[in-house]
Amino acid sequence: MSSLLHDLDDVTVRRIAVSSMDNNVYLITAKQSGEQVLIDAADDLPAIQALLAEGAADARGPARLALIATTHQHWDHVRALEGLVAATHAPVAAGRQDVSGIPVGVDVVLDHGDVLPEAGADWGFTLAAVHLRGHTPGSIAYVLEPKDVPPLIFSGDSLFPGGVGNTQNDADRFSLLYADVVGRLFNAYPDDAEVHPGHGRPTTLGAERPHLAEWRDRGW
């Protein structure tokens, strides 16, 4: 099965699912610069390296893994992180409040509203960091806004088809996550924005929007 999700004017977006937990690993490759960002080195280093090679073939010149962007600290999203860093020496990004739970040093500490790459670098695309508190304290969604399709939201475990992420029946955590997802995603991006979660199939904000009140009322 092809890993290709989108072949756009400036970038390609690829995805593989790894492990028995169906973790999604996403790769963005800039066609012109060859710069790549991998989102969640979840598991299966050989499969991730094969994904990087597939993405490298999308570039017009040499490719380079510019960043490993971690959505959150949970173990199932970082199992291949140490091996990938050792193999590529790529820097790692994560949300500020999750840094202590990441098994390698975090080079780029993210807060809500930060934009990647940092000043002085040019990948040929940018990613917005959206802090979504509740599933973990420092969960980050990464938003790519290509010029030729609606926004792509890589939501980690904070937003799925059918609801927000697991908050372990903690009402305060659910309220925080629900408020962030509504305010920082549903109120900020259009209905045709695609949501690519940390597990399972994608959705759109428009498909989920009619159910927001239901999620709020049920508390999960």
Output the peptides 54-61, 72-79 sorted from most to least packed, where packing is the average of other Cβ atoms within 10 Å over each peptide's residues.
72-79, 54-61
Running a GNM on the chain with Cα contacts under 10 Å, which residue among 122, 114, 44 ends up with the highest mean-square fluctuation?
122
Between residue 100 and residue 4, 0.36 nm times their residue separation minus their Cα-Cα distance comes to what?
31.3 nm
Please compute the length gained on full extension between residue 201 and residue 145, using 0.36 nm multiplied by the number of residues separating them and subtracting their Cα-Cα distance.
18.2 nm
Please list, by residue number, everything in segment 1-19 whose backbone N is under 15 Å from a paramagnetic label point 7 Å out along Cα→Cβ of residue 49.
none
How high is the FRET efficiency between residue 214 and residue 192 when r is their beta carbon distance and R₀ equals 30 Å, given to the nearest 0.05?
0.90
Need one number: % antiparallel among DSSP beta bridges in segment 57-169, to the nearest 5.
70
Candidates 208, 118, 145: whichever shows maximal mean-square fluctuation once the chain is modelled as a Gaussian network with Cα springs under 10 Å
118
So if I take the centroid of the Cα atoms in segment 171-220 and the same for segment 30-94, what is the distance between those two points in Å?
27
When the chain is treated as a Gaussian network with springs between alpha carbons less than 10 Å apart, the largest mean-square fluctuation among 163, 120, 105 is found at 120
Tell me the relative contact order for the chain as a rounded percent, counting alpha carbon contacts under 8 Å between residues six or more apart.
15
Antiparallel DSSP beta bridges within the chain, as percent of all bridges there, nearest 5
70
Using only Cα atoms, what is the ratio of the radius of gyration of the chain to 2.2 N^0.38 Å?
0.95
Simple spin-label estimate for residue 115 and residue 170 in nanometres, 7 Å along Cα-Cβ
3.3
Using alpha-carbon coordinates, inclination of helix 45-56 to the longest axis of the chain, degrees:
70
First compute the accessible area of segment 100-220 with a 1.4 Å probe, then give the percent of it belonging to carbon and sulfur atoms.
50
Neighbour cut-off at most 15 other Cβ (10 Å), DSSP loop, trypsin sites (Lys or Arg not before Pro), segment 101-186
147
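The values are calculated or read from the model by the stated rules, or taken from the named source; none is laboratory data. Predicted, not measured: the structure shown is a model, and the values here were computed from it. We place every Cβ from the backbone using ideal geometry, glycine too, and count neighbours over all the protein chains shown. SASA here: full protein model, heavy atoms, side chains in, ligands and nucleic acids out. Shrake-Rupley method; radii C 1.70, N 1.55, O 1.52, S 1.80 Å.
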